Amino acid sequence: MKENQFNIEDKVFDYNLQPESLTILLYCLIKQKEEKIKKIDIQNKFNIGKDKLSAIFNELESNGFLIKTKNKKMQTCNYTFLDNKLY
């Protein structure tokens, strides 16, 4: 069995994120260490729609826990999840 160790500071719980957003943040912080995450995989894992996931990503981005980088050439976005608030 693969042991998955992950440390996160307690202060991530002090930023008044919605519970769904906090859940997705923690999930993505753990998963991004292992593999690339696709939005559709998150939707399927948590049984949420595209609009709900967009709202969660917007909350995480506006609170400094998510960096969105657009790749105009490939018309895609890359997301980096942060365990410490960016600003």
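Read-outs throughout are calculated quantities, based only on the coordinates presented, and are distinct from any laboratory measurement. Because the structure is predicted, anything quoted here is derived from the model rather than measured.
Some observations on this one:
- Backbone HN-Hα couplings from phi across segment 33-45 [Karplus 6.51/-1.76/1.60, Hz, Gly and Pro as x]: 6, 9, 7, 6, 10, 9, 4, 4, 5, 5, 4, 5, 4
- For Lys33 and Lys52, the difference between the fully extended length at 0.36 nm per residue and the C-alpha to C-alpha distance is 4.4 nm.
- Per-residue Karplus couplings for segment 56-70, computed as 6.51 cos²θ - 1.76 cosθ + 1.60 with θ equal to phi - 60°, are listed in order as 5, 4, 5, 5, 5, 5, 5, 9, x, 9, 9, 10, 9, 10, 8 Hz, Gly and Pro entered as x.
- The stretch between Tyr15 and Asp83, if pulled fully straight at 0.36 nm per residue, gains 23.3 nm over its current Cα-Cα span.
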